[in-house]
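Asker: What follows is a structure written as structure tokens; I'll ask about it next.
The values are calculated or read from the model by the stated rules, or taken from the named source; none is laboratory data. Here the structure is a predicted model, which means the values were calculated and not measured. Please note: Cβ atoms are built from the backbone with ideal geometry, for glycine as well, and neighbour counts cover all protein chains shown. Areas reflect the complete protein model, heavy atoms only, side chains present, ligands, DNA and RNA absent. Shrake-Rupley method; radii C 1.70, N 1.55, O 1.52, S 1.80 Å.
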Amino acid sequence: MSDQPRRPRKPARPYRRPQKDPVRMLAFEALRAVDERDAYANLVLPPLLRKARESGDFDLRDAALATELVYGTLRRQGTYDAVISACVDRPLRDVDPPVLDVLSLGAHQLLGTRIPTHAAVSSAVELARVVLGDGRAKFVNAVLRKIAQHDLDGWLEQVAPPYDDDPEDHLAVVHSHPRWIVSALWDSLGGGRAGIEDLLEADNERPEVTLVARPGRATAEELLREEAAVPGRWSPYAVRLTEGGEPGAVDAVREGRAGVQDEGSQLVALALAGAPVEGRDEKWLDGCAGPGGKAALLAALAAERGATLLASEKQPHRAGLVTKALHGNPGPYQVIAADGTRPPWRPGSFDRVLMDVPCTGLGALRRRPEARWRRRPEDLEGFAPLQRRLLRTALESVRVGGVVGYATCSPHLAETRAVVADVLKQFPQADLFDARPLLPGVPALGEGPDVQLWPHVHGTDAMYLALIRRTG
């Protein structure tokens with residue numbers, strides 16, 4: 001035996017129970033719901049935040065941080081996936097989705113916020129210990145430490161191909177949009193690098209909350225008395241809530257006299273209501289009325305003129321939302337659950353018809369950032385026949401001399417001008433007319449006669465509108 005004394009063993013480090021961070025836990029829970037259940041963050045997050053506030057775990061700053069973590073991670077998912085791919089030794093599809101969610105949250109804190117590097121890494125690793133276990137937390141720690149070696153610009157130089165080599169792929173990685181959506185939006189804009197970059201950047205910005213004062217029930221002046229409220233840009237009924245204003249705290253919104261509605265949607269309804277018709281102006285139709293924002297504004301405008309609105313929605317639960325939105329309207333209205341392609345009303349029954357058709361929703365990626373990762377080019381083929389049938393129904397439903405508004409929350413040419421052109425070829429008793437004069441004061445509306453709104457130009461969703469008069 002050796003006479004050398006044994007070295008004393010270092011005492012084992014005591015096990016430390018992982019600490020739950022309520023902000024990161026809530027953000028992770030929301031991301032898992034989006035991934036596992038195909039939920040939308042704008043529907044999942046509010047009840048989670050409400051529950052956290054009621055339990056006393058959250059204050060306003062916590063809620064703001066959780067919101068930023070969820071929406072920022074979803075908006076920049078494509079960019080962060082490219083960065084994470086460069087830091088792991090396996091394809092991303094082989095990384096468990098919960099692990100990838102924690103890594104994405106950590107990447108956003110490191111590359112998309114002002115959270116200090118140490119705090120960003122340690123909070124993400126602690127979250128991983130809670131939700132994934134110590135073993136996978138070590139993997140998260142190793143990957144995030146690699147990510148922390150560069151800032152966002154440094155990583156983009158490494159993971160995005162040069163613009164001159166592949167413009168669309170460069171923009172897709174830098175601005176976190178699928179390549180096919182970059183291509184489609186670029187076509188809709190008509191070319192030019194500055195415009196597409198401005199649009200993609202606008203898609204990644206958090207939109208302000210916009211309210212609508214429903215005529216006869218509330219006024220913009222009343223809403224402007226709210227804290228952090230400023231006038232809308234274009235609609236006389238619009239009020240914007242800045243600095244994270246909470247619409248649920250507004251009395252008029254709680255009472256249904258006002259609602260949350262993007263200004264682009266307001267402009268579509270106002271343009272249809274303002275279009276000249278020949279003869280009577282008594283019966284209006286909203287043929288795809290759910291969830292009810294445009295229907296509520298149209299019903300209020302109709303009531304001011306002694307006209308009535310029929311709001312039709314195929315899905316019964318969405319028809320229920322329309323009923324809720326129209327409750328208390330100052331004039332008569334009716335809500336029905338009906339298929340707009342097989343309408344229960346007689347042809348030629350209406351003086352004005354709005355058909356805001358189901359679409360890919362590429363015009364609202366600011367509000368539903370996860371939609372960009374769910375949509376596929378083949379979705380266009382699924383919507384195309386329905387969009388054409390609904391526009392055809394609208395033209396059959398309006399009387400001679402009346403007006404149809406065809407609207408989509410998508411700027412994709414296959415859902416806008418292509419639909420209108422195809423249907424008008426088959427329906428020669430109708431003509432497009434210039435919609436631009438019906439949006440007074442709104443600049444950069446294009447060559448007409450239709451109108452395309454843009455987030456980076458108008459601060460609205462990318463709403464499309466074509467106005468068509470029935471001539472025979």
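Asker: Look through 132, 92 and report the one residue that is over 21 Å from residue 68 (Cβ atoms), open to solvent by 30 Å² or more (accessible area, probe 1.4 Å) and of a type in the set (A, V, I, L, M, F, W, C).
Answerer: The match here is 92.
Asker: Further question on the same structure: Report the residue count in region 198-216 for those that are open to solvent by 30 Å² or more (accessible area, probe 1.4 Å) and touching a helix residue (DSSP H, G or I) at 6+ places or on another chain (Cβ under 7 Å).
Answerer: Adding up the residues that qualify gives 5.
Asker: Out of everything in region 290-328 that is within 16 Å of residue 214 (Cβ to Cβ), out of contact with any strand residue (DSSP E or B) (no Cβ under 8 Å at 6 or more places or on another chain) and not aliphatic (A, V, I, L, M), what residue ends up being most open to solvent (accessible area, probe 1.4 Å)?
Answerer: In this case the residue turns out to be 324.
Asker: Those residues that are charged (D, E, K, R) and either in contact with a helix residue (DSSP H, G or I) (Cβ under 8 Å, 6 or more places away or on another chain) or over 17 Å from residue 82 (Cα atoms) (or both), I need them from region 151-197; list them, please.
Answerer: Across region 151-197, the qualifying residues are 151, 164, 165, 168, 169, 179, 187, 193, 197.
Asker: May I pose another question? Conditions first: (1) part of a loop (DSSP other than H, G, I, E, B); (2) open to solvent by 30 Å² or more (accessible area, probe 1.4 Å). Residue 348 passes all but one, so which condition is the exception?
Answerer: Result: residue 348 passes all but (2).
Asker: Inside region 254-289, can you point out the residues that are assigned to a helix (DSSP H, G or I) and surrounded by fewer than 20 Cβ atoms within 10 Å (Cβ to Cβ)?
Answerer: Within region 254-289, 254, 274 qualify.
Asker: Got at least one residue in region 368-378 being touching an Asp or Glu at 6+ places or on another chain (Cβ under 6 Å) and over 21 Å from residue 79 (Cβ atoms)?
Answerer: Filtering region 368-378 for residues touching an Asp or Glu at 6+ places or on another chain (Cβ under 6 Å) gives none.
For region 368-378, residues touching an Asp or Glu at 6+ places or on another chain (Cβ under 6 Å) and over 21 Å from residue 79 (Cβ atoms): absent.
Asker: With respect to residue 52, determine if the residue is under 20 Å from residue 114 (Cα atoms), surrounded by 19 or more Cβ atoms within 10 Å (Cβ to Cβ), of a type in the set (Gly, Ala, Ser) and modelled with pLDDT under 95.
Answerer: Criteria not met by residue 52.
Asker: May I ask you to list the residues in region 322-345 that are within 13 Å of residue 290 (Cα to Cα) and not in a strand (DSSP E or B)?
Answerer: 322, 323, 324, 325, 326, 338, 339, 340
Asker: Sticking with this structure for a sec: Output the residue which, of all residues in region 372-390 that are assigned to a helix (DSSP H, G or I), in contact with a helix residue (DSSP H, G or I) (Cβ under 8 Å, 6 or more places away or on another chain) and in contact (Cβ under 8 Å) with a residue 40 or more places away in the chain, is most open to solvent (accessible area, probe 1.4 Å).
Answerer: If we filter region 372-390 for residues that are assigned to a helix (DSSP H, G or I), which is where we start, we get 372-374, 378-390.
From what's left, in contact with a helix residue (DSSP H, G or I) (Cβ under 8 Å, 6 or more places away or on another chain): 372-373, 384, 387-388.
After this cut, where a residue has to be in contact (Cβ under 8 Å) with a residue 40 or more places away in the chain as well, the list is 372-373.
On the way: 372: 0, 373: 57 Å².
By that ranking, first place goes to 373.
Asker: Could you list all residues from region 149-162 that are assigned to a loop (DSSP other than H, G, I, E, B) and either touching a strand residue (DSSP E or B) at 6+ places or on another chain (Cβ under 7 Å) or touching a residue at least 12 places away in the same chain (Cβ under 8 Å) (or both)? Break it down stepwise before answering.
Answerer: As a first pass, look at region 149-162 and keep what is assigned to a loop (DSSP other than H, G, I, E, B): 149-151, 160-162.
Scanning region 149-162 gives 151, 160, 161.
Asker: On the given criteria, is residue 465 modelled with pLDDT of 95 or more and open to solvent by 60 Å² or more (accessible area, probe 1.4 Å)?
Answerer: No: the conditions fail for residue 465.
Asker: On the given criteria, is residue 225 outside any helix (DSSP H, G or I), more than 26 Å from residue 327 (Cα to Cα) and open to solvent by 20 Å² or more (accessible area, probe 1.4 Å)?
Answerer: no
Asker: Search region 181-202 for residues being farther than 18 Å from residue 414 by Cα and of a type outside the set (A, V, I, L, M), and hand back the single one that is modelled with the lowest pLDDT.
Answerer: Residue satisfying both the conditions and the ranking: 192.
Asker: Shifting gears a bit: Can you report the number of residues in region 49-105 which are closer than 22 Å to residue 370 by Cα, in contact (Cβ under 8 Å) with a residue 60 or more places away in the chain, assigned to a loop (DSSP other than H, G, I, E, B) and hydrophobic (A, V, I, L, M, F, W, C)?
Answerer: 0
Asker: Look at region 351-369 and say how many of its residues are more than 28 Å from residue 209 (Cβ to Cβ) and either among the acidic types (Asp, Glu) or assigned to a loop (DSSP other than H, G, I, E, B) (or both).
Answerer: Qualifying residue count, region 351-369: 1.
Asker: Could we say that residue 431 is without any contact (Cβ under 8 Å) to a residue 60 or more places away in the chain, of a type outside the set (Gly, Ala, Ser) and surrounded by 21 or more Cβ atoms within 10 Å (Cβ to Cβ) here?
Answerer: So residue 431 does not fit the description; no.
Asker: Can you pull out the residues in region 434-456 that are hydrophobic (A, V, I, L, M, F, W, C) and open to solvent by 60 Å² or more (accessible area, probe 1.4 Å)? Steps first, please.
Answerer: From region 434-456, those hydrophobic (A, V, I, L, M, F, W, C) are 435, 438-439, 442, 444-445, 451, 453-454; that's our starting set.
Hit for region 434-456 is 444, nothing else.
Asker: Here is a further query. For residue 431, all conditions in the list (1) assigned to a loop (DSSP other than H, G, I, E, B); (2) more than 20 Å from residue 181 (Cα to Cα) hold save one; what is the number of the exception?
Answerer: So the condition that residue 431 fails would be (1).
Asker: Can I ask one more? Pick from region 228-253 the residues that are open to solvent by less than 30 Å² (accessible area, probe 1.4 Å) and outside any loop (DSSP other than H, G, I, E, B): which of them is farthest from residue 61 (Cα to Cα)?
Answerer: Among them, the one singled out is 238.
Asker: Among the residues of region 454-463, is any over 22 Å from the mean Cα position of the chain (by Cα) and not in a strand (DSSP E or B)?
Answerer: no
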